[in-house]
Amino acid sequence: MLKHSSRWLVATAALLVGTVASSQSTPTITFQSPSQGWNVVASSNPLPFGQTVTINYSADRLTQCRGNITATTPGWSIFGQYSFNGGPVQSFWVAGGYPTPFPPPPSIPLNTRGDLAIWFVNTSRWGCQAWDSSFGNNFHFNVQ
């Protein structure tokens with residue numbers, strides 16, 4: 001008969017729970033500010049098919065098209081745009097004005113395998129447009 005101390009069993013169980021929790025954590029892609037070196041960091045590569053990736057975007061990356069309608073109402077918005085494998089373009093809100101008071105957090109459902117291309121556009125109500133697209137190449141991630 002094998003005997004293990006209760007401390008060993010508790011430590012093993014905690015390790016297994018921690019491993020499962022970390023493997024199930026939400027994937028993220030972080031687009032850092034200029035002061036952080038403009039880095040783009042994905043929590044995993046490839047990104048896990050079937051999950052939703054959270055987008056952490058620093059609005060300091062796109063500051064050209066700004067202005068407020070009132071003291072508290074932005075007249076500008078930043079939207080992320082993306083496509084899988086060169087397919088149809090979809091978008092999500094990132095920062096600035098939004099038509100409803102509680103916009104959904106920036107995220108992309110990873111429902112297609114292959115190449116995920118992402119880029120960002122800052123627009124204002126006065127017709128200004130500015131892009132964050134890796135100089136027109138977009139940001140690419142593998143979904144598997």
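The values are calculated or read from the model by the stated rules, or taken from the named source; none is laboratory data. Every value quoted in this text rests on a predicted model; they were computed, and no experiment measured them. Ideal geometry is used to build each Cβ from the backbone, glycine not excepted, and the neighbour counts take in all protein chains shown. The accessibility values were calculated without ligands, DNA or RNA, using every heavy atom of the protein model including side chains. Shrake-Rupley method; radii C 1.70, N 1.55, O 1.52, S 1.80 Å.
Numerical summary
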{"quantity": "Long-range HN-HN contacts of Asn68 with modeled amide H, under 5 Å", "calculated": "Gly75"}
{"quantity": "Where segment 24-144 is the region considered: accessible area per residue in Å², 1.4 Å probe", "calculated": "55"}
{"quantity": "15 Å cut-off, amide nitrogen to a point 7 angstrom out along Thr54 Cα→Cβ, residues in segment 89-131", "calculated": "104-109"}
{"quantity": "Highest to lowest packing among 64-73, 129-138, scored as the average C-beta count within 10 Å", "calculated": "129-138, 64-73"}
{"quantity": "Placed amide H near Gln51: partners under 5 Å, 5+ positions off or other chain", "calculated": "Leu110"}
{"quantity": "Amide hydrogen neighbours beyond the local backbone of Asn56, cut-off 5 Å, H modeled", "calculated": "Ile29, Thr30, Phe31"}
{"quantity": "Accessible surface of segment 46-129 [probe 1.4 Å, protein heavy atoms]: carbon and sulfur percent", "calculated": "54"}
